[in-house]
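One structure is given here, and the rest of the page talks about it.
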Amino acid sequence: MTAAIGIERAKTWTRPVTRRVAPGPNQGPEVIRRRIPVNRLQALISLVGFVAVWWAVTATKLINPLYLPSPGAVWNAFIKANTCNPIAAGSTRIVCGVQQYFLWQHLLMSLERIGVGLGFAIVAGVLVGFLLSSVAWLSRVVMPYINFVRALPPLGYIGLLIVWFGIGDTTKIWLLFLAAFPPIVLATIDGIKGVSKDRINSALSLGSSRLQLLSLVVLPSALPSVLNGIRLAVGFAWTTVVAAELNNGIPGIGALAYLSGTEMNTPLTIACIIVIGIAALVLDGILQLVIHALTPWVGKE
């Protein structure tokens, strides 16, 4: 009996003691949740400060309104571009939007062109990237041309595209395709080359077929790089939209920004620039959400 009690006491004394350690100042989800509102508050304060400085500069007439209109003038131009208004004070003739379209219609048309050009670039870029990463001699032959196209500014070959395809949407889509294609190809090649050889050999040793190896090992491993390449390509295509819509680009937000600038309508030009920037940020945010959803394992390995 005494021995049994001693054994029980020994178990009690030797039992590991677990202590709950409070998370440090830089740990825990509570800190992350607090940090996100702080970051948003800082961004909001920065935006309000920027608009305040802009308003103060224009209110004191430090800069000619032709070159820098006030925030109110830009806002009024934005509202006018999205509503129907008399063509002049006292006139009964009503004009809707600008250049016969509302500003949001110009934006949607540009997004449609980018979507078509980018869609072709994604399909072709991923296929070409897989092909070039698999065939070494073909990569040596083709890669110089892809790098050459990547280095060219869009305005460098838009004239040639107009000669080949005219001034319609075909030229614009080709221009956006050429802007998005090279980064997708390069990202696909980098992603495939970055696949671990040990992972491939392990799959082959377990009896995986070539199709299974491609779909279950290579593609998931290369997917983060491919998606980041697509994200980069979207940025290139969006920055090319103004060049793509220089000729016969109405409706189109890039063409509207260009034409309003040539007509010295600076408030509308700045409004178009702001819309283009906000649309780009929204697109990039959506792409980041898609990337996180499709590759949840990234950063957790």
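Nearest 0.05, what FRET efficiency do W104 and N201 give at R0 = 45 Å with Cβ-Cβ as r?
Plugging the Cβ-Cβ distance into 1/(1 + (r/R0)^6) gives 0.25.
Under unit Cβ charges (Lys, Arg +1; Asp, Glu -1), what dipole magnitude, rounded to 20 debye, does region 197-301 have relative to its Cα centre? Can you show the working numbers first?
On the way: 5 positive and 5 negative charges, 103 e Å.
The calculation lands at about 500 debye.
How high is the relative contact order of the chain, in percent, with contacts defined as C-alpha pairs under 8 Å that are six or more residues apart? Please report the intermediate quantities before stating the final value.
Details: 282 pairs, mean separation 59.0, N = 301.
Once divided by the residue count of the chain, the mean separation gives 20 percent.
Given +1 on the Cβ of Lys and Arg, -1 on the Cβ of Asp and Glu, and no further charges, what dipole in debye does the chain carry about its Cα centre, rounded to the nearest 20?
1200 debye
Run the accessible area of the chain with a 1.4 Å probe and give the carbon-and-sulfur part as a rounded percent.
67 percent
What is the distance in Å between the Cα centroid of region 203-257 and that of region 33-96?
34 Å
Could you work out the relative contact order of region 88-211? I mean the mean sequence separation of Cα pairs under 8 Å and 6+ apart, divided by the number of residues, in percent.
Worked out over region 88-211, it gives 37 percent.
Using amide H atoms built 1.01 Å from N in the peptide plane, name the residues 5+ places from V95, or on other chains, whose amide H lies under 5 Å from its own.
The answer is N85, I87.
Along the positive direction of the dipole of the chain (beta-carbon charges: Lys, Arg +1; Asp, Glu -1; about the Cα centre), which of F50, I79, N265 reaches farthest?
Going by the charge dipole, the pick is F50.
What does the extension gain come out to for F165 and R93, with contour length at 0.36 nm per residue minus their alpha carbon separation?
Here the answer is 22.1 nm.
Return the unpartnered cysteines for the chain, using a Cβ-Cβ cut-off of under 4.7 Å.
Flagged as lacking a Cys partner: C272.
Residues with beta-carbon under 15 Å from that of P182, excluding P182: net charge, scoring Lys, Arg +1 and Asp, Glu -1?
My count for the surroundings of P182 gives +1.
Between the helical axis of 266-294 and the dominant principal axis of the chain, each derived from Cα atoms, what acute angle in degrees is found, rounded to the nearest 10?
That helix lies at roughly 20 degrees to the long axis.
Extension gain L152-Q42, at 0.36 nm per residue separation less the Cα-Cα distance, in nm?
Full-extension gain reported as 35.8 nm.
Please state the relative contact order of region 27-133 as a whole percent: Cα pairs under 8 Å, 6+ residues apart?
Value for region 27-133: 12 percent.
Where does helix 253-262 land angle-wise versus the long Cα axis of the chain, in degrees 0 to 90, nearest 10?
Between the helix axis and the principal axis of the chain, the angle is about 40 degrees.
Per-residue ellipticity at 222 nm for the chain, helices alone: DSSP H runs ≥ 4 residues times -39500 (n - 2.57), over residue total, nearest 500 deg cm²/dmol? Show your work: numbers first, answer last.
Numbers: 12 runs with 214 residues, N = 301.
Mean residue ellipticity, 222 nm, calculated: -24000 deg cm²/dmol.
May I ask which residue of I230, I173, I94 lies farthest towards the positive end of the charge dipole of the chain, with charges of +1 (Lys, Arg) and -1 (Asp, Glu) on Cβ and the Cα centre as origin?
It is I230.
Only four residue types carry charge here, +1 at the Cβ of Lys and Arg and -1 at the Cβ of Asp and Glu. Report the dipole size of region 30-146 about the Cα centre in Debye, rounded to the nearest 20.
Details: 9 positive and 2 negative charges, 49 e Å.
That gives region 30-146 a dipole magnitude of about 240 debye.
Given the peptides 43-55, 265-277, arrange them by the average over their residues of other C-beta atoms within 10 Å, most packed first.
The densest-packed peptide leads the list: 265-277, 43-55.
Residue by residue through region 214-227, what is 3J(HN,Hα) from phi via Karplus (6.51 cos²θ - 1.76 cosθ + 1.60, θ = phi - 60°)? Round to whole Hz and write x for glycine and proline.
Working through the residues one at a time gives 5, 7, 9, 10, 5, 4, x, 5, 8, 4, x, 5, 5, 5 Hz.
With axes computed from alpha carbons, what is the tilt in degrees of helix 169-193 against the longest principal axis of the chain, rounded to the nearest 10 within 0 to 90?
20 degrees
Determine, for each peptide in 245-257, 219-231, the mean count of other beta carbons within 10 angstrom over its residues, then list the peptides with the highest first. It would help to have the intermediate numbers written out before the result.
Details: 245-257: 22.9, 219-231: 19.9.
Ranking the peptides 245-257, 219-231 by packing returns 245-257, 219-231.
The values are calculated or read from the model by the stated rules, or taken from the named source; none is laboratory data. Computed from a predicted structure; not experimentally measured. Please note: Cβ atoms are built from the backbone with ideal geometry, for glycine as well, and neighbour counts cover all protein chains shown. What goes into the accessible areas is simple: the full protein's heavy atoms, side chains included, and nothing from ligands, DNA or RNA. Shrake-Rupley method; radii C 1.70, N 1.55, O 1.52, S 1.80 Å.
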